[in-house]
Each structure stands twice: as C-alpha cells, then as structure tokens.
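> The following block contains the structure, expressed as structure tokens.
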Amino acid sequence: MYLKNILFAKDDAVLEQNRDRWRNHVPNDVKQRIRAMILDVLRSPQAVARHTAGQTIAEMGAIDLPTLQWPELLKSLLQNITAETPEAVKVSTLECLGYMCERLDYKGLKRDVVNEILTAIVDGIRSDRAPTIRYAAAVALRNSLFFCQGNMEEPQERNMIMQVICEATQCEDANVRSAAYECIVQMAEHYYGYLNDYMEVLANLSFATMKGDQEKVSIQAIEFWNTLCDEEYELILELEEGGTPQHSLQKYVEGALHLLCPILLEALTKQDEDADPDDDIWNLAMAAATCLTLSAQTVENIIVPHVMPFVLQNIKNDNWRFREASTMAFTSILDGPKTEVIGSYVNQSIPVLIGALRDPHALVKDTTAWSLGRICELHAACVPQEMFDDLVKGLASVLLSETPRVSAQACFAIHNLAMQVRLSDGWSEVTAKVLYRLPT
Amino acid sequence: MGNLLHVLMQVTERDDWDEANLRPSAYQAISMLVQHAAPDCKPILLNLMPAILDRLTKSFTMNVLTNEDKDNKEGLQSLLCGLVQVLLQQMSGEEISQQQADAIMAALLEVFKTKNATAHEEAFMAAGALSDKLEANFERYMPSFGPVVMGGLRNFEAYQVTTVAVGVVGDLTRALEGRILPFCNDIVTALLESLQNANLNRSVKPHVLSCFGDIALAIGGSYEPYLQVTLMMLLQASQSRAPDDDEDMIDYVNTLREGILEAYTGIIQGLNDGKKVNLIQPYSEAIMGFLENLTHDQNIDDAVLSGAIGVLGDLSKCLGNQVPNVRKPFVQMLLQKGHNTGDQSTMELVNWTNENIKSLSF
C-alpha cells in the first residue's frame, strides 16, 4: 500500500513527478525485485494482500506499459487468468487490469499491449467462468474499450468482443448483466459507426432487459438508448451546421421508436413514491423520463404520435401512477417537436394541468407544476389568452400552501412566464394583470 | 398590496425556504417579473424597493453561528442586491429621491464590509445601476464608494469581482464624466497593476483595456498623463496571436482585440474632444500596423472587424492628412470585408469611414 501511495497522486502534476521518479530514479535491479515480489503477492491467499497488490501493480503498470518497461507483467496476469489458479486470484487479477486500464495513459499504447490486455479480459468474461470473475472482467472491459479502436476495426475481433458482451447480458448474476450493459454503452459512445451489424440484437436484448430485469440493470439498458440519442443528436447538429460527421447518421432511435416508447411509458408508471428527489438516487421512472426527453430532442415531431395517445388516455386515470406518468411523458416531449405539432396539445392541456395542481397525490402536483414551468419556458405562446388568469392564479395558489418543491416549481413557472413576455406581441398588459390582480 | 409579488415575497420567508432551492427560485421569479414589468406596474415597483432595502438592512444583523448560516446570509444578500439592481434599471433618475439613493448606497456599502465575493459582484452591479440613473449626482457617494471600487479592482483572487469592478468604473465614467478626474490616478494605477499581475485570470484583460477608452472619453484632454503608459499596454496586447487550431484562444484573442479597439476609439475621441488629438500622432503608425495585421488575419470575428473599421474612421476623421499609410491596399480590403458582412450597422460604419478617408487631400 505504501508503494502504491508513493506512485499515486490525485493531482496531475504530482502524479507526473511520482511517475518520473519511478521511471528514471529507481535502479533497475530494485525495480525487478519489486515487480517479481508484487506479482507473487497478487497470488496470495489473503484477500487484502491481493487487493493491495492489484492496486499497486495497476499503478506500476500504468507507468511501465506505455514504455514497454515491464514485458513480464501482462504474461503473468494472463497466466493468472488462464492457468489453474483459484477463482479469487483470477478476480483480483482482473480487478487489477480494470484499475490499470483506468489509470493508463492510453495514447501511444502499442497495439500488441492492447491485444494482450484484451485477450486476458475476454478470457475472463467467458460464459463458463464464475460470475465473480465475469463481473471483474466486464468492469475491466468497460474501462478498456475506449482504447481498442484498432481491434474494433477488425470485423473478426469486433464480432468476438460483441459476442462476449452480449452473452454477459444473459448471465444469471445481475452485477454481470449490469456491467455488460455498461460495456454496450461504451460501444455506443465510442463505436457508433460499427453498431449496424449488431443493432438488432442489441435492441432486442435491451428491450427485454428494460421490460423485465432488476431496476439497476434496466437503468443501464435505458442508458444505452440515452447514449444513442446523444450520439445521433450530435450528428444531426453537425449535419445542420454543414459539417461532415465522422459517422453517417443511422437513425436508430427513430427506427426503434415504436418499440422503445411503449416500454418507456410503462417504466414511467413504476415511480418510487418514497424517493427523495434531492437525494440523487436514480430510479427507473426517472431514467425513462430522461430517455424520453432525449429521444424527443433527437427525433422531434415524430415522437408525438407515439406518446400522446398514452397521455390523453391516462392523464385523468383514477390511479395516480398513471396520472403522474402521463404528465411526465407529456412534459418530456415538450422540447423537440415543433410548436405546430405539439402546440394544440399544449393548448388543451392547460385547464387539465391547472386542475391537477390540486391533485390529491403529492408527486402528481410536483410533476404538474414542473410541466407548467416547462410549457411557460418552451411554448408560452400556446397558452390560451383566456386561460392566463387561471394559470397564474393556479400557480399562485400553490406558492404558500404546498411543499417547497411544488412551490419552487411554481416559482420557476412564473419566472418563465414573465421571461416570455414581450412588449411587441401584444402581451404588454400581461405583467400588469399578473402583478395587480392576483390572487384576488 | 394583494398581488403576486407580495405572495412571492412571502414565499421567500416560508419556514421551509431552505428546501428545494425555494428562496432563490422565488427571488428569481420576482426579478424576472420586475425586469419585464409593463409600464403601468411602475407604482408597484416603486413600493417594492423600500421593502427590499428593509430586508437587506435586516440581513446585516442576522446571527451567524455556523458556516451554513454564513452561506445563507451571503446568499440572501446576493439575491437582494441583484433585485436592487433590476429595480433601479426600471426607475428613472427622478423617481429616486436623494433619501432613497442615500439608503441604497448605505446598504450597499454595508455589504462591501463583509468578505463575500458573490454579494460584492451583485452590489457592484447595483451601484453601477444607481450611478447610471443619478449621473452627476452620484458624485456625493464617491468619497465612500471610490475606495470600495479600488478594493474591487485589486481583488485579484476573485477575478469575477475584478471584472465587475472594472465594469463599474465604466459606469462611473459615463455617469460622472469629468468629475471622475480626481480618482483617475488611483484607478489607472490599479488597472495597470491588474494587467501586470500574472495571476489575474486572463478574461479580465479585455475589460481593463477597453476601460482606458471609457476613462479617456470621460476626461478628454486630461487623459494626457496616462497616454503613454496605456498605449504601451495596448500596443503590447496587440501582439497577441492565437494558433489556428485553438478555438478557445482564437475567441479570447478576439475579445482582447475588441477591448483594444474600444480603447483606441475612446482615447482618440476623448483627446479629440479635449483638442489634444495630435498627441496620438506618434502612435498612429503602430495603430495602423495593428489594423493591417487584423485585415490579414483569417480568424477575426465581425465585432473585431467593425471595431477596426471604427478606429480607422476615427483616425482619419481626427488626424486628417496626418494618418500614415492610408493609401496602402489593406485599407480598402478592410472596408471591403466590412461591406461583405452585410450587417447594417457595420455597413454604415464602412460608409462613414470611407467618407472620412475620401475627404483627405493628397
């Protein structure tokens, strides 16, 4: 541990200094003895010793691998994984690799070094391995994927990597499944251009997971679609600005909308009633709302027919979960579709939403106030003039009587409404009304 | 006062104001309502000011026992100073009685006594807004406010405060005009110090440079003692270049150049007003050289382009036939580039500058 701390530092400058000391100021024979010794400790029966050795090797490897100073390292690690070693040693070795990938300065890393790392990891993730090993391997793979460009360019290697990841999404252990989806997210982020051959499989796997797996795994599967949205949104922006993007736009999100939207809408009804929104704890319904929001920004108008039937059908449902879910779904697609397409729905929604500010369920009130805030921000012109008094009265009525969250959302709505007021478009009397007459 | 503002004011005093970001949300809503208030809401705004000042005054005696108390107090003061600023922007000079102006300044000066960068920023902006409304009448606050501005200019640790303080100097030059003269020695010294301070965030520099122009415009011929040293700074800053592939640096150098050009315009016009424009003559060749470099630089943006054309126009108008190199090809190229922007105000500037150049006899 002491050795690791000598080499490690949070601050980049200090880190570089420490690494330089190891590279240039420690005699080679001393280095060799330390290296051999610490590789031995990684095979120790003591869990704490293995763990510490793993971290130390990772720090040392992060320094020595780019400069090819420690040729035995990867061979030794690979052997730990492939030879007849105890399961725990394999886990510690893969954890060490994962940590090392995180710490490596990957630029200028030699291709065969990357190959050796990948071989060891891919061997660890094999489906006949124990879940603990597969989990450590999947985490290591997630940390290494972004510097595997060379391997991803080769169809055969790419197929193999994809195959082991997809297999891992079917593992009986939820941690492995979740880590596998984190790998898929990395794929979408770094290798969008290579996804075409795998998209159908990935879509089907992720949909099944979103529908039926444990929450933390489902959230990772949703994150895959969020990442696709991010990538495609960037590509669309670049195309609009007349640029030539690195990949061609495949419109995966648009193509999958008819399957994706129903699953997300279903997920929206799985709210966690006791979740404290200030706690930063992510749940399935929040993840689904985020995914819907990103999808709407990416595909714009065409999302509307996939979502509005659900909204119209459920916004007055007896079950609060459906009322909240439909309000959240509607709010999520406000940004993206053009006013011509979403405007009439906004126009009709105002009286319903004003009424829902008095909903018996706290979460519905909260989401309703948020929804009105977003409407005032994005589509204020669609608020019918004759509803204006009622809208402001409704917002004002929750300011003092409701929870701080609802009240703050109402403040946000009033702020946005005031911001949209433009003297030029006939709204000049609006603030006067707002300021003088309300609440009566 | 049964209206929405009143309710929002009550929201900020709810027992649970510290949850869900409620208090800032409510003050932001108030601020936006004030900023976009219709003209017939004026009486309400005039009533709001004393209420806000009252709260600001009360905040000075708030008990501070924990760090959280301290953050809350400072947060509240920032929000209230921000509101004082937006309220002032909605008022005319006549609507601010001397008594009220005194009360505002007293409260703001009290805010400056605590060490709190964020509230200082807001308080500086509020004071700037007040000077904008009171114009020459703001002079009565200078004995107490002047040292505060100097403190802000020298607050190199919190560069946002420095930036705002530089902005306030600009406000003061416009409000006080020649009456700012007694403070100019100190101000210019502080500005020069900030330029030479290696630790100061670079984003402050363009503001400082352009501030020289504001000062020159305000004091006219009295700018003479500062001319040489400030022009040296400007010429030195003119040397900055950005590598073609560094967009952040390109943006920064462009803002820097904008600041430099604003300074030149202010200084030339100020000296011209003070009938001392011939003092600029020894530097005119270097300035023209700067304009020539800008003309050939592919990375300048429209603001720099229009600033450069403005300086060219100022020089030819004020120096007449003494402008050096005005027949060099870059001059017409610069004007052509301005014309090509298609931007209305830039094209007007091109025409004006062109007239000035044409009227030169050879």
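The values are calculated or read from the model by the stated rules, or taken from the named source; none is laboratory data. Every value quoted in this text rests on a predicted model; they were computed, and no experiment measured them. A quick note on method: Cβ atoms are made from the backbone with ideal geometry, for glycine too, and the neighbour counts reach across all protein chains shown. Just the protein is used for accessible areas: all its heavy atoms, side chains included, with ligands, DNA and RNA removed. Shrake-Rupley method; radii C 1.70, N 1.55, O 1.52, S 1.80 Å.
> Once Rh is set to the Kirkwood radius over Cα pairs, what Stokes-Einstein translational diffusion coefficient, in µm²/s, holds for region B:261-353 at a temperature of 20 °C and a viscosity of 1.002 mPa s?
Rounded to a whole number, D works out at 162 µm²/s.
> Right, next: Quick one: Debye curve from the C-alpha atoms of region B:3-103, no solvent, what's log10 I(q)/I(0) at q = 0.15 Å⁻¹?
Result of the Debye calculation: -0.63.
> Give me the Debye-computed log₁₀ of I(q)/I(0) at q = 0.19, 0.20, 0.29 Å⁻¹ for region A:14-71, equal point scatterers on Cα only, no solvent, two decimals.
Result of the Debye calculation: -0.70, -0.77, -1.23.
> Are any of the pairs B:K113/B:K276; A:K31/A:K90; B:K205/B:K358; A:K270/B:K70 more than 31 Å apart by Cα-Cα distance, and if so, which?
Over 31 Å Cα-Cα: B:K113/B:K276; B:K205/B:K358; A:K270/B:K70.
> Relative contact order of region B:276-336, please, whole-number percent, based on alpha carbon pairs below 8 angstrom and at least 6 residues apart.
49 percent
> Loop by DSSP (not H, G, I, E, B), at most 15 other beta-carbon atoms within 10 Å: where is the longest site-free stretch of chain A for trypsin sites (Lys or Arg not before Pro)?
Longest stretch, sites excluded: A:127-250.
> Please list B:D244, A:D112 from largest to smallest accessible area, probe radius 1.4 Å, with all protein chains kept in place.
B:D244, A:D112
> Could you compute how much accessible surface A:C171 exposes when probed at 1.4 Å, giving the result in Å² to the nearest 10?
Its heavy atoms expose roughly 10 Å² to the probe.
> Okay, moving on. Ignoring GluC sites (Glu not before Pro) that are buried or in helix or strand per DSSP, and keeping those with at most 13 other beta carbon atoms within 10 Å, what is the longest stretch of chain A between them?
By the stated rule (loop sites, at most 13 other Cβ atoms within 10 Å), A:274-440.
> Have a look at A:A296, A:A83, A:A287 and tell me which one the Gaussian network model of chain A (Cα, springs below 10 Å) gives the largest fluctuation.
Greatest mean-square fluctuation among the candidates belongs to A:A83.
> A further question on this structure: With runs of 4+ DSSP H residues as the only contributors, calculate the mean residue ellipticity of the protein assembly as shown at 222 nm using -39,500 (n - 2.57) per run, divided by the residue total and rounded to the nearest 500.
Result for the protein assembly as shown: -23500 deg cm²/dmol, rounded to the nearest 500.
> From the square roots a ≥ b ≥ c of the eigenvalues of the alpha-carbon gyration tensor of chain B, which class results: rounded (a/c under 1.5), prolate (a/b over b/c), or oblate?
Prolate, since a/c reaches 1.5 and a/b exceeds b/c.
> Averaged across B:43-49, how many Cβ atoms of other chains sit within 10 Å of each residue's Cβ atom?
Taking all residues of B:43-49 together, the mean is 1.
> Rounded, prolate or oblate: pick one for the protein assembly as shown, where a ≥ b ≥ c are the square roots of the eigenvalues of its C-alpha gyration tensor, a/c under 1.5 means rounded, and failing that, prolate if a/b is larger than b/c, else oblate.
oblate
> So if I take the centroid of the Cα atoms in region A:169-231 and the same for region B:215-250, what is the distance between those two points in Å?
Computed from Cα coordinates, the inter-centre distance equals 55 Å.
> While we're here: Which GluC sites (Glu not before Pro) in region B:111-209 sit in a loop by DSSP (not H, G, I, E or B) and have at most 12 other Cβ atoms within 10 Å of their own Cβ? Show your work: numbers first, answer last.
Details: sites: B:E121, B:E122, B:E135, B:E139, B:E157, B:E177, B:E193; in loops: B:E157.
Those that pass, being in a loop and sparsely packed, are B:E157.
> Next up: As I understand it, the value is the acute angle between the Cα axis of helix A:428-437 and the longest principal axis of the Cα atoms of chain A; what does it come to in degrees, rounded to 10?
Helix A:428-437 and the main axis of chain A meet at about 80 degrees.
> Only Cα pairs under 8 Å and at least 6 apart count here; give the relative contact order of chain B as a rounded whole percent. Mind showing how you got there, number by number?
Numbers: 416 pairs, mean separation 35.7, N = 362.
Averaging sequence separation for qualifying contacts and normalising by length gives 10 percent for chain B.
> Under the definition of Cα pairs under 8 Å and six or more residues apart, what whole-number percent is the relative contact order of chain A? Display every interim value, and only then the final one.
Working: 551 pairs, mean separation 33.1, N = 440.
That works out to 8 percent.
> Going by the alpha-carbon gyration tensor, a ≥ b ≥ c the square roots of its eigenvalues, is region A:274-358 rounded (a/c under 1.5) or, if a/c is not under 1.5, prolate (a/b greater than b/c) versus oblate?
oblate
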